[in-house]
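The values are calculated or read from the model by the stated rules, or taken from the named source; none is laboratory data. What you are looking at is a predicted structure, and each value in this text was computed from that prediction instead of being measured. We place every Cβ from the backbone using ideal geometry, glycine too, and count neighbours over all the protein chains shown.
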Amino acid sequence: MSKRQLLATIISTIGNPMVIGLFFGGYLYFFNHDADTYKALPLTFSVFVVFPIFAFTSYKVYRKEFEDYDVSDQIKRNQLYLFVLLVFLVLNVFMYFKAYPLKALLLGAFIFLHILASYLFNTRIKVSMHTSFAFLFAFFFYPINPAIGIGLFIFAFINAWSRLVLGRHSSSEVRVGGMIGLINGSLYLILFYYLLSKNLL
């Protein structure tokens, strides 16, 4: 493995959607001051999202139905998308009936929409989830910590580069992932500040 590939592997590992999601959850739990809104989210996400997805993927890898945890095969990735969509549907229903604050519901809804868009695109072209989620979480972070949001936005481009170097995606697959992340993230930020201006958040 060349130094370039080693660097790309490290970046790609850090830029894994689950890793970025855990970082986001950890920040909300330990550093965010809006405790009433976000404090319960990391545990809720762990129970309803992280553990089920990890268990599902591990089972598929164990049965050799998935080659690895990256699920690089486009058709097999659709199975993962459908499972993740179900997981987030259950999560959103749970948060709604438990009367979670609107900020939390907004996050859950946009992640669900993001995965749905990725699934629909994935039926035609394999989407780079590393790229798309890095951009999405950059927009999620911005209202909470603009410096981290901007830093993650820049990192999203580096993350995209790592996927190309490792041969996990073509340039068009990375561009589609980036487009989905940018569009969904922008819509989230617009809606977030609109609701904030109306004193609904």
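With respect to the conditions (1) loosely packed, with under 15 Cβ neighbours inside 10 Å; (2) among the hydroxyl-bearing types (Ser, Thr, Tyr); (3) more than 16 Å from ALA109 (Cα to Cα), TYR96 falls short on a single one, namely (3). Set side by side, the residues ALA134, ALA117 differ, and just one is touching a helix residue (DSSP H, G or I) at 6+ places or on another chain (Cβ under 6 Å), over 22 Å from GLY25 (Cα atoms) and either in contact (Cβ under 8 Å) with a residue 60 or more places away in the chain or surrounded by fewer than 21 Cβ atoms within 10 Å (Cβ to Cβ) (or both), which is ALA117.
Where helices (runs of 4 or more DSSP H) fall wholly inside the stretch 1-87, the ranges with 1 or more residues that are of a type outside the set (Lys, Arg), modelled with pLDDT under 85 and in contact with a Gly (Cβ under 7 Å, 6 or more places away or on another chain) are 41-45. Do we find that ILE154 is among the β-branched types (Val, Ile, Thr), in a helix (DSSP H, G or I) and buried (at least 20 other Cβ atoms within 10 Å of the Cβ) in this structure? For ILE154, the condition - among the β-branched types (Val, Ile, Thr), in a helix (DSSP H, G or I) and buried (at least 20 other Cβ atoms within 10 Å of the Cβ) - is not met. Without any contact (Cβ under 8 Å) to a residue 24 or more places away in the chain and not aliphatic (A, V, I, L, M) - does that describe any residue in the stretch 161-168? Scanning the stretch 161-168, I find at least one residue that is without any contact (Cβ under 8 Å) to a residue 24 or more places away in the chain and not aliphatic (A, V, I, L, M), so the answer is yes. On the basis of being more than 22 Å from ILE53 (Cβ to Cβ) and assigned to a helix (DSSP H, G or I), does PHE133 make the cut? No: the conditions fail for PHE133. Filtered by the rule that a residue be over 15 Å from the mean Cα position of the chain (by Cα), surrounded by 14 or more Cβ atoms within 10 Å (Cβ to Cβ) and touching a residue at least 40 places away in the same chain (Cβ under 8 Å), the stretch 78-93 gives a lone residue, ASN78.
Under the condition of being surrounded by fewer than 18 Cβ atoms within 10 Å (Cβ to Cβ) and not in a helix (DSSP H, G or I), which residue from the stretch 169-201 is modelled with the lowest pLDDT? So, considering only residues that are surrounded by fewer than 18 Cβ atoms within 10 Å (Cβ to Cβ) and not in a helix (DSSP H, G or I), the one modelled with the lowest pLDDT is LEU201.
If you check ALA109 against the conditions, is it assigned to a helix (DSSP H, G or I), under 22 Å from THR44 (Cα atoms) and at pLDDT below 95?
no
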